[in-house]
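Q: I'd like to ask some things about the structure below.
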Amino acid sequence: MTGELRKAALALGAMLVLQTVSGLIWAGGAAARIATLEARVSEQRAVAERLARLEEQSLATRRAVERIEIKLEGGS
């Protein structure tokens with residue numbers, strides 16, 4: 001009986017070690033994926049800021065063109 005108990009204890013210990021190693025590998029992969037996503041979000045934030053500036057410049061240009069058109073139409 002002690003032989004079977006010893007085998008069961010070793011099997012349980014081996015399973016615990018295997019699960020711990022698997023959990024650590026999974027956590028490492030998750031950390032790598034999170035780091036990749038954070039880098040992408042950082043890049044997108046910069047692109048969003050540039051896009052906002054371009055939109056403002058576009059609106060300012062449109063307003064300037066409208067003022068020029070009004071002056072041209074008024075002068076005719």
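The values are calculated or read from the model by the stated rules, or taken from the named source; none is laboratory data. Owing to the predicted nature of the structure, the values given are computational and were not obtained by experimental measurement. Please note: Cβ atoms are built from the backbone with ideal geometry, for glycine as well, and neighbour counts cover all protein chains shown. The accessibility values were calculated without ligands, DNA or RNA, using every heavy atom of the protein model including side chains. Shrake-Rupley method; radii C 1.70, N 1.55, O 1.52, S 1.80 Å.
Here's the yes/no breakdown for (1) part of a loop (DSSP other than H, G, I, E, B); (2) open to solvent by 90 Å² or more (accessible area, probe 1.4 Å); (3) at pLDDT 95 or above; (4) not β-branched (Val, Ile, Thr):
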position	(1), (2), (3), (4)
16	no, yes, yes, yes
29	no, no, no, yes
32	no, no, no, yes
42	no, no, no, yes
62	no, yes, yes, yes
70	no, yes, no, no
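Q: Based on this model, can you work out whether residue 10 counts as surrounded by 10 or more Cβ atoms within 10 Å (Cβ to Cβ), assigned to a helix (DSSP H, G or I) and of a type outside the set (Ser, Thr, Tyr)?
A: So residue 10 fits the description; yes.
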